[in-house]
Structure formats: C-alpha cells, structure tokens
Amino acid sequence: MTSDSRDASAPNDRRTLRDTVQDLVRQWDGPLTRDLLRAPGRFGLGQVPSRLEPTATTTLVCGFCSTGCGLTAHLQQGVATNLSPDPRYPVNLGMACPKGWEALSPLDAEDRALDPLLRGANGALQPVTWDVALDRFCTEFKSIQQRHGPESVAFLSTGQIATEEMIYLGALAKIGMGMIHGDGNTRQCMATAVSAYKESFGFDAPPYSYADFEASDVIVLVGSNLCIAHPIQWERICKNPNAPEIIVVDPRRTETAEAATDHYAIEPRSDLSFFYGVAHILIENGWVDRSFVDAHTEGFEAFADHVRAFKPEAVEAATGIPANRLHALARSIHEGKAVSFWWTMGVNQGHEAVRVAQSLIDLALLTGNIGRPGTGANSITGQCNAMGSRLFSNTTNLFAGRDFENPGHRREVADILGVPAGRIPDQNSLAYDEIIEGIHAGRIRGLWVVATNPGHSWIEQAAFREAIAKLDFLVVQDLYTTTETAELADLVLPAAGWGEKEGTFINSERRFGLLQKVRRAPGRALADFHIFQLVAEAWGCRDWFAGWDTPEDVFQVLKELSRGRPCDVSGISDYAAIDAAGGLQWPLPEGEPVTRSERRLFADGRFYRENARALFCFAPVSPLPEAPNADYPFALLTGRGSSSQWHTETRTAKSAVLQKLHRRGPYVEIHATDAQRLGIAPEDRVQVETRRGSLEAHAVIGSGVQPGQLFLPMHDSNTNQLTLACFDPISHQPSYKHCAARIERL
Ligand code: SF4
C-alpha cells in the first residue's frame, strides 16, 4: 500500500491532512500532549518531514545492520520516494546491500499498525483511541505494581530505535514509572562483546574504525559470515590495497570462507581451545610483543601459564584442525605487520562466549596488534543501533556505561537529569533471560515489548511462550500487527518506523549517524519518542522530563550523560554537525576538533581500567551443554540465511524485491555424505528434531556444513522451536549456535 492509497481510503483524514501538516510544523518544537491527540483530524503527529524542502535529497543512516551506511533519500513534496547509497558518506562510499536499497518498502506494508489495538472480551484485538490505550496501559501496570511491587513490571527493548528514544524509555521506565528491570534484544547479539570489553579494557569500547579493514595485511574473521551479514564491511576489505591474507575460522564453509585465503573449519564450539592453542604456539616461539605487553597489559604471565596446556596435538583432537595448520596460522599472525581480529555472532552466541571473545583480545594484546592502523580485537555489532543500546538504554548499565550499584554514578546521572538520586534504582536490572525466568516464576507480571519480536527470536520458544501466557498484561509497541509477539499482546501501540522519525544511531565503529523523517507514518502511528512522551504524561511523571520535547533536546542530554566518560561526545554541537561530517565517532570531547577522518581507540596504549592496562582474561574450557549422541547425532547450527533477510523478517519479508533474492521456505543444509547415508536427495522433505521440538524443511545438500552438522537459517519462525535455552554465564547471551539434533526423510 502506498501512502497515497492510504490517504484515498481515508477521505476525511485526507481533507484535514494539509491543515494538520501546517499545525504540526508549527507545533513541532512544542511539547506533545494528549490534548493534541484528542483534537479531531490529527494523526501521524510529528511524522511529517518538517525540515526538508519539497523536492530535495537528504542523507540518513540505514536502519537495518550496524554498518550504518548513509542512504540518500530522494524526495517529492517532501516525502521520500526512493533511496540510493550516498557516495560521500564515509562508511559505505556509495555502496549499499539489498536491504538498504529496499528500506522504504516495508513502510508501505498492509499490516502496518494504524491504531492502538486492545484485546477485547471476545479475545480479539480491536482498534481504540490513543486515550483509551494509554489509560489502559497505565491502569494495568500501576495495578500490577500496587499488588506485586515495582519489580513486577518490566520492559524489553531493542537495538532498532533511535538512541534518544532509548534514553527516554530508560529514564521513563526506571525514573518515572519505578521499574527496576528492563533489557534489550541486544542481549541476543552483543552482550558477550560488552562483557568481554568491559573486563579486558575497562569499558565497552570496540576499538576500531572501518578504515582498519583497508589497512590490515592479515585479517582474521571468526564466526563472522561478513559477505552476507555485513556486506559493505566486506566491500571495505575488498578495497584493501595490501592483498591481505584473509583467514576465516568457522565450522561452516560460508560465503566468506569461500572467498578467504584460508578457512579453518573447526569443530563447532571448539573455538576456545583453538585460540588458546594459537596463543600457546605464539608464546612458545617467543612471538610476543614484549614491550607492548610490559607497558600496557596486566596478567600476561598467568595467561601464558594457562595456555601452556593447549599443545597443538591436544588442540588438534579438540578442534579437528591439524597441528601443522595451527602452526601456520600462528606464523601468519606473527609475520603480519598489521593483524586485525574480527568476530561476530558465531562467537557471541555460545556457551562460553565471553572467554572466546577475550581469547581474541588476548591474541591482539600479546602480539601488540591494537591501537595501530589495521589492527584490533574487533567485535562487529549486529543491529543498526546496538551500540546505542549498549551505552544509553539504561537497562543493565546505568547511562553511558555507568553502574546502578555505584552511588557516585547514580548521583552524577541524577544531577544531569535534575531528579533526586533516590529515584534511580540502586540495583542492576535482571538480564533478558532472567526477566523471562521471572515471568515463569510469577515475579514479573506485566511486560512492555518495544520494537522487537521475541515470539520468534527468543531461544527455545515453547518455554518462552509458556512464560508469556502467564503475564497479566503484555504491551507490544511495533510497526506491524502481525509479528509473532504482537499477536500475543493485550495491547498493541502503533509505532512509526525508520524514515518516519528523527534521532541518531551509533554504528559498529562508534559513529553517530542521523536518522531523519522522510516519510509520514500511517494512520495514528507515532514515533516511539512520542509514545514515550505520552506514556509519561498518562502515568503522571512527565515533569521529570521537562524540556525533553524533541529528539534533539534529548541528544543534548545524551551529551551531558557522556561528558567525562570514555564515550564522551560533548564536542558534537548538534544534529547539523553530525550531518555535515557524515557521522561522528565517539569519543569527541568538547574542545577537540570535529574531523571527518576515521579514528581508532588506544593509540596511546592507555586502556580504561584503573591502572590504564588491558587485562588478559581466560578460563578453563567447559564441555558442550548438549553434545550430539546416538539419539541426536548431529550438531545443529543456526545463522543468517542471506544478505536480503533481516532477523525475524518483520520488515524484509515485506519487500517483493528482497523476497526474490533468497531461497523461500524452510530449508536445512546437510553434508552430501550424511544425506547419502540417510537416503536424502536434494529438495526432499525432511524432519529436523531436537529434544525441544521438530520442524519440516527441504534438504539442501552440499559441503557448506561438515559431516555431522546441520544448518538452519534463523529467519524461519520455527527454528527457535528447536534451539536450547543455554546462556553464557557472564554475558547471559543465548547460545543459539549449537545443540544436538537428528534428521530423517519424510
Ligand atoms: Fe543497511 Fe547494513 Fe546493508 Fe549497509 S550493509 S545498507 S547498513 S543493511
């Protein structure tokens, strides 16, 4: 459906739209109140492009992955009708993947949420006014809190909304509404990197710039199918003039492994042994940058002692990689002038994921590959604003990487926000998995889900749905009425999407980029920012957020929250400065020159720990949570299917173009030798089963997976019927990548 056809189907609204637009442009700088919403003919409040010429172009950052590409929106009458990659934007240099080109299509989908929906006595969701929706939301949540205490309501947020919206939600929930618990879906993708960096570096600080892709001579990609997961970052590697050695460590022969110089197809989840084995060889050969280690790190001797047991022959038995190849990898790292280590979900989503991530950090530290061009221990983020969520969502960290349990930190934040310190919780939030456990146990009875779809994406769905069914009240705030989670809701709040609102995203290389309004949200959908304002008003706590009238107002608050912290951006004056520079990386403290050049951290060898030294972190290797056996002889792996699909496909499935670019329908990859042994032919219907459930799929036979492995794309809604609810003990990130399974031909 186009915005024109929507207007045609609502002639009364269409007649009043122009007047409304004029009003809105005038009122944009004023506070949004429920009174404005009550006025007849008003809808899509604040969703109209207000700063753009009728026919023009403007650049906004993409709202899918963390690469943060700049997309040029081509406008007619102030409304975006097309997109193209911005050749001047320093991230993507004129390139975009299919999702970026098609980013407008999902906004026109038929299943957009146009009105608040409330589940009625007949069990169906029915349209209601915003007034009714807000009253019901607040009445239900307050009632739950009165009966069961402030901890009995919680929220689950996202890495997909603007940073300013995250700040508003985090402040509203914890300062305004008295909640203790809230987490983001970034727990599912980046929590491991956060925990690893905090312990090793003293702060959640991905050290790199994308320029490092082009400056390395040895690039080690671990559990990262960059070619399809982050295609533009792969393009940056392709621009590297050094003909770099590209080494992929991954159980599967992925598209990236196919394109690499060398592929180490390790046994699934044997990565910790593998990298300790590499460290063992480096240390045994004296291939250690002693001057860097002595000057800038702590704990090297204990680490060297720990990896002494990981002799190449023992590592060969654990990983399936011959000892001579392990030696070859260590030699490549030693001989490289600028070696960079990159990882993503293959590392983060494991049962001992933090220690694996830290084993890569350890390798970078012991070889002195950090702080110089082309180096680094580099976690590639997942969602477009996962980095915003990590630093500014006020979920399990207090704003700007602070600690709720630290009285000094609470005072700092209270002073900046102008609220009594006592309103800030003095305990950390439960993590996502603990919130679900809390629902199971009856401690949490009200849940607000914002811009995420755990009814598809959360691990081990049967247990998740059992928990959700126990809630007294579930509120889902989303663009669409048809997500698996919205269909479970008691109340759906219709949200504007990417391109229909303003704010900033922070990408993988710590770059703030601008999100702009280039479309009008349909129906009575509102920007998440405005929904939070209205909830604050309806709850009766709007006064705590006086002056938070626009996203840019909250950006100014963000600057103050960041001041003096490692992520200090007090030197960014406003949105116009971000726009003019093509995005700006943190840190950028006040007084530092605003420059377009790409920057990396730790060039001075000083880390964020108290003694300014990075810490070698390590632990014993732990056994697989669910090893294959005679009944379930396969290791089931999950991951991204293609570059044209995004997570639970709530958006990418809406684009006819994107749907043509990948295989449709459920499929499972199996190695040719296993298929032959089990009598499975290409495209046969098969059943894949784990101890949690089963699904039917078509067989795709090849050599992408090794014998004894199966691969399912995560985009199919049934995949998480099979996965095992196992979590890294430090980061609480779900271990999606491995469980035991069996397969049979139907
Ligand atoms: Fe968007 Fe990521 Fe594709 Fe760039 S690579 S266009 S940020 S989805």
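FYI, it's all coordinate maths here, none of it is from the lab. Bear in mind that the values here come from a model prediction, so they are computed numbers and not experimental data. Reconstructed Cβ throughout: ideal geometry from the backbone, glycine too, with neighbour counts over all protein chains shown.
Run the quick spin-label model on Ser622 and His327: label points 7 Å from Cα toward the beta carbon, then report their separation in nm to one decimal.
Calculated label separation equals 3.4 nm.
With r as the distance between the Cβ atoms of Arg691 and Glu552 and R0 = 35 Å, compute the FRET efficiency 1/(1 + (r/R0)^6) and round to 0.05.
Working: r = 51 Å, r/R0 = 1.45.
Given R0 = 35 Å and the Cβ-Cβ separation, E is 0.10.
Would you mind checking the tilt of helix 130-148 against the longest principal axis of the Cα atoms of the chain, expressed as 0 to 90 degrees and rounded to 10?
Taking the Cα atoms of the chain, the angle to 130-148 is about 60 degrees.
Given H placed 1.01 Å from N in the peptide plane, which residues other than close sequence neighbours of Ile459 have an amide H under 5 Å from its amide H?
The answer is none.
Can you pick out the pairs among Lys142/Lys174; Lys198/Lys239; Lys142/Lys470 whose Cα atoms lie more than 21 Å from each other?
Values: Lys142/Lys174 14 Å; Lys198/Lys239 32 Å; Lys142/Lys470 18 Å.
Violating the 21 Å Cα-Cα cut-off are Lys198/Lys239.
Determine Rg/Rh for region 569-644; Rg is computed over alpha-carbon atoms and Rh is the Kirkwood hydrodynamic estimate from the same atoms.
Working: Rg = 22.7 Å, Rh = 18.1 Å.
Radius of gyration over Kirkwood radius for region 569-644 works out to 1.25.
What order do you get for Lys470, Lys142 when you list them from fewest to most C-beta neighbours inside 10 Å? Spell out each step's value before the answer.
Details: Lys470 12, Lys142 16.
Sorted ascending by nearby Cβ count, the order is Lys470, Lys142.
How much mean residue ellipticity at 222 nm does the chain get from its helices, if each DSSP H run of length 4 or more adds -39500 (n - 2.57) and you divide by all residues, to the nearest 500 deg cm²/dmol?
On the way: 29 runs with 246 residues, N = 746.
Computed ellipticity for the chain at 222 nm equals -9000 deg cm²/dmol.
For a footprinting-style exposure proxy, rank Cys227, Cys138 by other Cβ within 10 Å, fewest first.
Numbers: Cys227 22, Cys138 16.
Listed from fewest to most nearby Cβ atoms, that is Cys138, Cys227.
Which length gain, in nm to one decimal place, applies between Asp305 and Glu744 when the Cα-Cα distance is subtracted from 0.36 nm times their residue separation?
153.4 nm
Pull out the extension gain between Ala580 and Arg677, defined as 0.36 nm times the separation in residues minus the alpha carbon to alpha carbon distance; nm, one decimal. Write out the running numbers ahead of the final one.
Numbers: separation 97, 0.36 × 97 = 34.92 nm, distance 6.05 nm.
Answer, rounded to one decimal: 28.9 nm.
Reported to two decimal places, what Rg/Rh ratio describes region 191-379 when computed on Cα atoms with Rh from the Kirkwood expression? Please report the intermediate quantities before stating the final value.
On the way: Rg = 15.0 Å, Rh = 16.2 Å.
Taking Rh as the inverse mean 1/r over Cα pairs, Rg/Rh reads 0.92.
Taking a temperature of 10 °C and a viscosity of 1.306 mPa s, what whole-number D in µm²/s does Stokes-Einstein yield for the chain with Rh from Kirkwood over alpha carbon pairs?
Working: Rh = 26.3 Å.
Answer, rounded: 60 µm²/s.
Give, as ranges by residue number, the residues of region 544-588 whose backbone N falls under 14 Å from the point 7 Å along Cα→Cβ of Arg423.
In region 544-588, the label zone of Arg423 (backbone N under 14 Å from the point 7 Å along Cα→Cβ) covers 544-548.
Give me the Debye-computed log₁₀ of I(q)/I(0) at q = 0.15 Å⁻¹ for region 66-200, equal point scatterers on Cα only, no solvent, two decimals.
-1.08
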